[in-house]
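What follows is one structure encoded as structure tokens, with my remarks underneath.
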Amino acid sequence: MKDLNDIKYFSSWWAILFIFLSLNLIPIPFAFVVNSLGDWVYENPVMVDMSYMGVVSMHPIADNLISIFSMSALVVFILWRMNVRNIPYSDLGLLKFKKQDLYLSVFILAIFIALEEVYMLVLGIEMPQGFIDFMLSEPIILSLISVLIIAPIVEEFIFRGFLFSQLSRTRLGAWGAVSMSSFLWTIIHFQYEVKILFILFLFGIFLGYIRMAYKSLGLPIAIHGINNLVAFFMAFYFL
């Protein structure tokens with residue numbers, strides 16, 4: 001049991017800055033390591049429209065490897081910093097959850113996805129073809145790991161776990177932490193147009209709510225993973 005007097009929680013601004021710096025700096029050494037593997041990691045480049053950044057050449061092998069390794073290292077780094085500050089890991093939320101909570105969350109997710117499809121159809125929004133091509137590029141196993149495992153676990157750990165736990169202790173409170181963490185989570189998907197970012201923000205609010213309501217980190221990880229699985233399935237068979 002940690003002495004409450006020895007716990008050094010992050011301030012709201014430092015928590016946000018800490019995550020921003022970690023997300024941008026930790027991938028750098030892994031990019032050098034992957035680059036040293038040879039030209040084969042840059043095979044099958046895909047041109048992707050990054051919205052405000054223009055068209056960018058992405059590499060299914062190199063980019064996915066960098067993401068898998070660096071995001072895994074980021075989780076370890078955050079856990080280490082929490083340990084140094086004596087912040088209990090239990091603050092991140094429980095990994096377990098009740099089956100009925102999962103069933104209800106999946107039901108709400110299904111409604112959300114249906115409304116999302118109507119929203120995109122009415123406004124004539126289409127997912128950038130470049131991202132779909134990148135996600136389905138060979139070796140597809142790397143995309144599956146990145147999209148179905150790494151993204152749900154790491155993103156929820158960072159935003160609904162670490163950030164929520166730190167921000168909810170500030171003047172923002174629980175709902176403020178849900179909103180802010182969802183906003184910051186949306187920002188890291190800057191490659192999409194604003195109309196798509198709006199949907200992502202609402203989805204982030206939903207994930208933040210179930211984290212707050214059920215005190216579980218495992219539940220939003222599961223829902224995030226299911227959502228990505230549906231997206232992957234639709235891209236593979238229908239787009």
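A few notes on this one:
- Highest-fluctuation residue, L92, L172, L163 considered, GNM on the chain with Cα pairs under 10 Å: L172
- Span from the segment 33-70 Cα centroid across to the segment 150-215 one, whole angstrom: 26 Å
- Computed extension length for F32-K8: 5.3 nm, one decimal, from 0.36 nm per residue of separation with the Cα-Cα distance subtracted.
- Within segment 161-239, the chymotrypsin sites (Phe, Trp or Tyr not before Pro) that combine a DSSP coil assignment with at most 14 other C-beta atoms in a 10 angstrom radius are F190.
- When the chain is treated as a Gaussian network with alpha carbon springs shorter than 10 Å, the biggest mean-square fluctuation among S137, S36, S181 belongs to S36.
- Most positive-pole-ward Cα, A31, V46, V76, against dipole of the chain from beta carbon charges: V76
- The chain: calculated mean residue ellipticity at 222 nm from DSSP helix runs of at least 4, using -39500 (n - 2.57): -20000 deg cm²/dmol
- Comparing G93, G161, G173 in a Gaussian network model of the chain (Cα springs below 10 Å), the most mobile by mean-square fluctuation is G173.
- Annotation note: trypsin sites (Lys or Arg not before Pro) in segment 125-198 located in DSSP loop regions with a Cβ neighbour count of at most 16 within 10 Å are R171.
- In percent, rounded to a whole number, the relative contact order of the chain is 26, using alpha-carbon pairs under 8 Å and six or more apart.
- Of (1) 16.8; (2) 13.2; (3) 13.8, the label for mean projected area of the Cα convex hull in nm² derived from the coordinates: (3)
Here, each number is a calculation from the coordinates, and none is a lab measurement. Treat the numbers as computed from the prediction; the structure is a model and nothing was measured. Every residue, glycine as well, gets a Cβ built from its backbone with ideal geometry; the counts of neighbours run over all protein chains shown.
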